[in-house]
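K.L.:
Below is a structure I'd like to ask you about.
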């Protein structure tokens, strides 16, 4: 796994999946944008705003959103996603 802070990103960096686990989104709101965990799930780039590497994740399709446009504070908490 690679943390987003370790890799370099550019305008072409896209995230295919985003973690919507309730606790991860809530924790991620206190983590600076771009400082979560960027990893590969299957063959897709996946991002967890909380930066939790060894925790299980509930991935949801993000549609190839630009990495630099992900704002942790703007992600909605979904009570059923924990």
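K.L.:
Taking the Cα-to-Cβ direction at residue 41 and at residue 74 and moving 7 Å from each Cα, how far apart do the two end points lie in nm?
P.N.:
2.1
K.L.:
Next up: Taking a cut-off of 16 Å, what percent of all Cα-Cα pairs in segment 30-82 are separated by more than that? Write out the running numbers ahead of the final one.
P.N.:
On the way: 581 of 1378 pairs.
Result for the distance tail: 42 percent.
Every read-out reported here was derived from the displayed coordinates using simple, explicitly stated rules and does not represent laboratory data. Keep in mind that what you see is a predicted model, and the values were worked out from it rather than measured. Cβ: placed from backbone, ideal geometry, glycine included. Neighbour counts: every protein chain shown.
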